Amino acid sequence: MNPIMMAVFLQLLAVVVLIAEVIIPSGGLLGMLAAGLIGYSLYAVFTEVSANTGYLFLIADVVTLPVIVLFGLKMLAKSPAALKTELSSDSGVTSQSAELEGFLGKKGVAVSDLRPSGVAEIEDKRVDVVSRGEYINKGAEIIVAAVTGNQIIVEEVSE
């Protein structure tokens, strides 16, 4: 086989392997294989053809390979393999339980010592709560100061 044709074939095979690296989780093995294919094709051109042709191949690789990889990633994003669904509150996805919002401003009793987290009873429900760093004794009256995410933040009621 002609050395230039072999080098072009190895370069095209390296591009296919790079695209497979994006799709298949190989831990970088396919990427190393692609680098080896490109390296060997450049070695073959430099040693069997000429240095000028080798430099032309090298310049072509530096210019075209990043473009091909970016194009492949863009095509992958538009392919059926990509996730098209957005997880947003408009589609009904929430990271916070709706019932937790109802506890805001409610009073309760600390069932365990809060150092700073523990259990409290609010509206006859046992819930996991956290204070803002202060120690709250078991049996103390508490009030829900904030609800962030799935966390109920309480404060001790001052008398």
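Figures for the structure shown
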{"item": "Boolean, V62 is modelled with pLDDT of 90 or more, open to solvent by 40 Å² or more (accessible area, probe 1.4 Å) and of a type outside the set (G, A, S)", "result": "yes"}
{"item": "Of all residues making up region 106-159, the number that are in contact with a Gly (Cβ under 9 Å, 6 or more places away or on another chain), surrounded by 13 or more Cβ atoms within 10 Å (Cβ to Cβ) and of a type in the set (K, R)", "result": "1"}
{"item": "Filter result for K74 (outside any helix (DSSP H, G or I), over 30 Å from I143 (Cβ atoms) and of a type in the set (D, E, K, R))", "result": "no"}
{"item": "Counted residues, region 103-150 - those being of a type in the set (S, T, N, Q) and in a strand (DSSP E or B)", "result": "3"}
{"item": "Test: L100 is open to solvent by 80 Å² or more (accessible area, probe 1.4 Å) and either at pLDDT 90 or above or part of a helix (DSSP H, G or I) (or both)", "result": "no"}
{"item": "Test result for L18, closer than 30 Å to A77 by Cβ, in contact (Cβ under 8 Å) with a residue 24 or more places away in the chain and out of contact with any Phe, Trp or Tyr (no Cβ under 8 Å at 6 or more places or on another chain)", "result": "yes"}
{"item": "Residue, nearest to the chain's Cα centre (by Cα), within region 23-49, restricted to residues that are surrounded by 12 or more Cβ atoms within 10 Å (Cβ to Cβ) and not in a helix (DSSP H, G or I)", "result": "S26"}
{"item": "Condition broken by T64, with the remaining ones in (1) hydroxyl-bearing (S, T, Y); (2) touching a helix residue (DSSP H, G or I) at 6+ places or on another chain (Cβ under 8 Å); (3) not in a loop (DSSP other than H, G, I, E, B) satisfied", "result": "(2)"}
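Here's the yes/no breakdown for (1) among the aliphatic types (A, V, I, L, M); (2) free of Cβ contacts under 8 Å to residues at least 60 places away in the same chain; (3) closer than 30 Å to N2 by Cβ:
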{"position": "F57", "(1), (2), (3)": "no, yes, yes"}
{"position": "D61", "(1), (2), (3)": "no, yes, yes"}
{"position": "T64", "(1), (2), (3)": "no, yes, yes"}
{"position": "F71", "(1), (2), (3)": "no, yes, yes"}
{"position": "M75", "(1), (2), (3)": "yes, yes, no"}
{"position": "E99", "(1), (2), (3)": "no, yes, no"}
{"position": "F103", "(1), (2), (3)": "no, yes, no"}
{"position": "V109", "(1), (2), (3)": "yes, yes, no"}
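The values are calculated or read from the model by the stated rules, or taken from the named source; none is laboratory data. Bear in mind that the values here come from a model prediction, so they are computed numbers and not experimental data. Heads up, the Cβs are rebuilt from the backbone with ideal geometry, glycines too, and the neighbour counts pull from every protein chain shown. In case anyone asks, the SASA skips ligands and DNA or RNA and just uses the protein heavy atoms, side chains included. Shrake-Rupley method; radii C 1.70, N 1.55, O 1.52, S 1.80 Å.
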